[in-house]
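The values are calculated or read from the model by the stated rules, or taken from the named source; none is laboratory data. Predicted model only: the values in this text are computed from it and were never measured. Cβ sites come from the backbone with ideal geometry, for glycine too, and all protein chains shown count toward neighbours.
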Amino acid sequence: MSWTHLFGGGSRAWQQRLKESRIRLYRLALSWCGDEMLADDLAQETLARALRKHQQLRDPERVDAWLFAILHNCWREHLRRLKPQVPLDDIQFVCDRCPEYEHTQDEIVFQVRQAVAALPMGQREVVTLVDLEGLSYAEVAQVLEIPLGTVMSRLSRARRALRETLESVQSPAGNQEAPKLWRVK
(Lines give C-alpha, C1' and ligand atoms only; values in the text may rest on other atoms or scores of the structure.)
Protein backbone atom coordinates (compact mmCIF):
# COMPACT_ATOMS: atom_id res chain seq x y z
CA MET A 1 0.00 0.00 0.00
CA SER A 2 1.62 3.27 -1.10
CA TRP A 3 1.44 6.69 0.54
CA THR A 4 -0.25 8.12 -2.53
CA HIS A 5 -2.83 5.34 -2.51
CA LEU A 6 -3.40 5.69 1.24
CA PHE A 7 -3.66 9.46 1.40
CA GLY A 8 -4.67 10.21 -2.16
CA GLY A 9 -6.96 13.20 -2.34
CA GLY A 10 -10.36 11.80 -1.50
CA SER A 11 -9.80 8.37 -3.02
CA ARG A 12 -12.61 5.90 -2.48
CA ALA A 13 -10.23 3.42 -0.88
CA TRP A 14 -9.06 6.02 1.67
CA GLN A 15 -12.64 7.12 2.39
CA GLN A 16 -13.65 3.50 2.95
CA ARG A 17 -10.58 2.96 5.14
CA LEU A 18 -11.51 5.99 7.28
CA LYS A 19 -15.10 4.79 7.57
CA GLU A 20 -13.99 1.34 8.72
CA SER A 21 -11.42 2.82 11.09
CA ARG A 22 -13.94 5.22 12.57
CA ILE A 23 -16.18 2.35 13.62
CA ARG A 24 -13.27 0.50 15.24
CA LEU A 25 -12.00 3.68 16.92
CA TYR A 26 -15.47 4.44 18.27
CA ARG A 27 -15.89 0.89 19.60
CA LEU A 28 -12.50 0.99 21.30
CA ALA A 29 -13.08 4.46 22.77
CA LEU A 30 -16.48 3.35 24.06
CA SER A 31 -14.90 0.36 25.79
CA TRP A 32 -12.43 2.71 27.48
CA CYS A 33 -14.74 5.54 28.51
CA GLY A 34 -18.23 4.01 28.63
CA ASP A 35 -19.84 7.18 27.25
CA GLU A 36 -21.24 7.11 23.71
CA MET A 37 -20.92 10.85 23.09
CA LEU A 38 -17.38 11.01 24.44
CA ALA A 39 -16.41 7.93 22.41
CA ASP A 40 -17.77 9.62 19.29
CA ASP A 41 -15.80 12.80 20.08
CA LEU A 42 -12.61 10.82 20.70
CA ALA A 43 -12.97 8.89 17.42
CA GLN A 44 -13.63 12.11 15.51
CA GLU A 45 -10.66 13.89 17.11
CA THR A 46 -8.45 10.89 16.33
CA LEU A 47 -9.36 10.96 12.64
CA ALA A 48 -8.92 14.75 12.47
CA ARG A 49 -5.43 14.46 13.97
CA ALA A 50 -4.59 11.58 11.64
CA LEU A 51 -5.53 13.67 8.63
CA ARG A 52 -3.50 16.65 9.89
CA LYS A 53 -0.46 14.53 10.74
CA HIS A 54 -0.56 11.85 8.06
CA GLN A 55 3.09 12.54 7.23
CA GLN A 56 4.01 11.04 10.64
CA LEU A 57 2.78 7.59 9.63
CA ARG A 58 5.97 5.59 9.18
CA ASP A 59 4.51 2.31 7.96
CA PRO A 60 1.36 2.45 5.79
CA GLU A 61 0.74 -1.24 6.56
CA ARG A 62 0.22 -0.38 10.25
CA VAL A 63 -2.44 2.31 9.93
CA ASP A 64 -4.63 0.75 12.63
CA ALA A 65 -1.87 0.69 15.25
CA TRP A 66 -1.02 4.30 14.36
CA LEU A 67 -4.68 5.35 14.72
CA PHE A 68 -5.02 3.49 18.03
CA ALA A 69 -1.94 5.33 19.33
CA ILE A 70 -3.52 8.65 18.38
CA LEU A 71 -6.78 7.58 20.05
CA HIS A 72 -4.89 6.63 23.20
CA ASN A 73 -3.25 10.06 23.28
CA CYS A 74 -6.64 11.76 22.83
CA TRP A 75 -8.02 9.65 25.68
CA ARG A 76 -5.11 10.51 27.99
CA GLU A 77 -5.49 14.21 27.20
CA HIS A 78 -9.19 13.99 28.03
CA LEU A 79 -8.43 12.32 31.37
CA ARG A 80 -5.88 15.02 32.23
CA ARG A 81 -8.45 17.75 31.61
CA LEU A 82 -11.01 16.16 33.91
CA LYS A 83 -11.37 17.27 37.48
CA PRO A 84 -10.66 14.56 40.04
CA GLN A 85 -13.47 12.04 39.97
CA VAL A 86 -14.29 8.76 41.61
CA PRO A 87 -12.09 6.01 40.11
CA LEU A 88 -13.92 3.31 38.19
CA ASP A 89 -12.64 0.79 40.74
CA ASP A 90 -14.85 2.45 43.38
CA ILE A 91 -18.04 2.37 41.33
CA GLN A 92 -20.54 -0.33 42.24
CA PHE A 93 -22.43 -1.58 39.22
CA VAL A 94 -26.02 -2.58 39.75
CA CYS A 95 -27.73 -5.08 37.54
CA ASP A 96 -31.40 -5.89 37.74
CA ARG A 97 -31.66 -9.54 36.80
CA CYS A 98 -34.87 -11.17 35.75
CA PRO A 99 -34.63 -14.96 35.74
CA GLU A 100 -36.39 -15.16 32.38
CA TYR A 101 -33.82 -12.98 30.64
CA GLU A 102 -30.66 -13.78 32.56
CA HIS A 103 -29.10 -15.85 29.81
CA THR A 104 -30.10 -13.80 26.80
CA GLN A 105 -27.45 -12.49 24.48
CA ASP A 106 -28.10 -8.89 25.56
CA GLU A 107 -27.59 -9.77 29.20
CA ILE A 108 -24.34 -11.56 28.47
CA VAL A 109 -23.05 -8.60 26.47
CA PHE A 110 -24.09 -6.25 29.27
CA GLN A 111 -22.28 -8.35 31.87
CA VAL A 112 -19.11 -8.54 29.79
CA ARG A 113 -19.16 -4.77 29.29
CA GLN A 114 -19.60 -4.27 33.03
CA ALA A 115 -16.73 -6.61 33.76
CA VAL A 116 -14.46 -4.82 31.27
CA ALA A 117 -15.50 -1.40 32.63
CA ALA A 118 -14.65 -2.54 36.16
CA LEU A 119 -11.05 -3.32 35.20
CA PRO A 120 -8.35 -0.81 36.11
CA MET A 121 -7.67 1.54 33.19
CA GLY A 122 -4.32 0.01 32.22
CA GLN A 123 -5.75 -3.50 32.10
CA ARG A 124 -8.85 -2.32 30.23
CA GLU A 125 -6.75 -0.62 27.56
CA VAL A 126 -4.57 -3.67 27.02
CA VAL A 127 -7.38 -6.24 26.96
CA THR A 128 -9.45 -4.21 24.50
CA LEU A 129 -6.52 -3.64 22.15
CA VAL A 130 -5.41 -7.29 22.19
CA ASP A 131 -8.69 -9.18 22.46
CA LEU A 132 -11.13 -6.85 20.70
CA GLU A 133 -8.93 -5.11 18.15
CA GLY A 134 -6.51 -7.96 17.50
CA LEU A 135 -3.27 -6.02 17.92
CA SER A 136 -0.09 -7.91 18.71
CA TYR A 137 1.57 -7.46 22.10
CA ALA A 138 4.35 -5.46 20.44
CA GLU A 139 1.84 -3.16 18.74
CA VAL A 140 0.01 -2.60 22.04
CA ALA A 141 3.30 -1.79 23.75
CA GLN A 142 4.01 0.76 21.05
CA VAL A 143 0.49 2.25 21.10
CA LEU A 144 0.41 2.61 24.90
CA GLU A 145 4.12 3.44 25.18
CA ILE A 146 4.75 0.75 27.80
CA PRO A 147 7.19 -2.19 27.96
CA LEU A 148 6.20 -5.49 26.36
CA GLY A 149 6.36 -7.26 29.74
CA THR A 150 3.86 -4.76 31.15
CA VAL A 151 1.48 -5.53 28.30
CA MET A 152 1.70 -9.24 29.05
CA SER A 153 1.24 -8.87 32.81
CA ARG A 154 -1.69 -6.45 32.45
CA LEU A 155 -3.32 -8.75 29.92
CA SER A 156 -2.88 -11.76 32.19
CA ARG A 157 -4.36 -9.92 35.18
CA ALA A 158 -7.23 -8.54 33.09
CA ARG A 159 -8.13 -11.94 31.68
CA ARG A 160 -7.97 -13.53 35.14
CA ALA A 161 -10.21 -10.79 36.60
CA LEU A 162 -12.68 -11.13 33.72
CA ARG A 163 -12.76 -14.91 34.07
CA GLU A 164 -13.40 -14.66 37.83
CA THR A 165 -16.05 -11.96 37.43
CA LEU A 166 -17.88 -13.73 34.64
CA GLU A 167 -17.72 -17.11 36.40
CA SER A 168 -19.29 -15.56 39.50
CA VAL A 169 -21.98 -13.98 37.32
CA GLN A 170 -22.60 -17.29 35.60
CA SER A 171 -23.08 -19.12 38.90
CA PRO A 172 -24.07 -16.43 41.41
CA ALA A 173 -24.45 -18.90 44.28
CA GLY A 174 -20.78 -19.81 44.14
CA ASN A 175 -20.04 -23.43 43.33
CA GLN A 176 -23.63 -24.49 42.76
CA GLU A 177 -24.24 -26.10 39.44
CA ALA A 178 -26.65 -24.48 37.05
CA PRO A 179 -30.03 -26.23 36.93
CA LYS A 180 -30.20 -28.98 34.34
CA LEU A 181 -32.72 -28.84 31.57
CA TRP A 182 -34.63 -31.99 30.75
CA ARG A 183 -36.31 -32.80 27.50
CA VAL A 184 -39.89 -33.93 28.04
CA LYS A 185 -41.38 -36.20 25.37
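Within region 10-33, one or more residues are assigned to a loop (DSSP other than H, G, I, E, B), at pLDDT below 85 and of a type in the set (Gly, Ala, Ser). Taking the criterion of being at pLDDT 75 or above and within 21 Å of Ala158 (Cβ to Cβ), the residues of region 74-87 that qualify are Trp75, Arg76, Leu79.
Applying the criterion of being touching a residue at least 40 places away in the same chain (Cβ under 8 Å), in contact with a Lys or Arg (Cβ under 9 Å, 6 or more places away or on another chain) and of a type in the set (A, V, I, L, M, F, W, C) to the residues of region 41-70, the residue that is surrounded by the fewest Cβ atoms within 10 Å (Cβ to Cβ) is Val63. Of all residues in region 106-157, those satisfying the criterion of being under 15 Å from Trp32 (Cα atoms), at pLDDT 90 or above and in a loop (DSSP other than H, G, I, E, B) are Leu119, Pro120. From the list Asp90, Asp64, Asp96, Asp41, the lone residue that is modelled with pLDDT of 85 or more and over 22 Å from Gln142 (Cα atoms) is Asp41.
Among the residues of region 125-164, just one is in contact with a Phe, Trp or Tyr (Cβ under 6 Å, 6 or more places away or on another chain) and within 17 Å of Ile70 (Cα to Cα), namely Val143.
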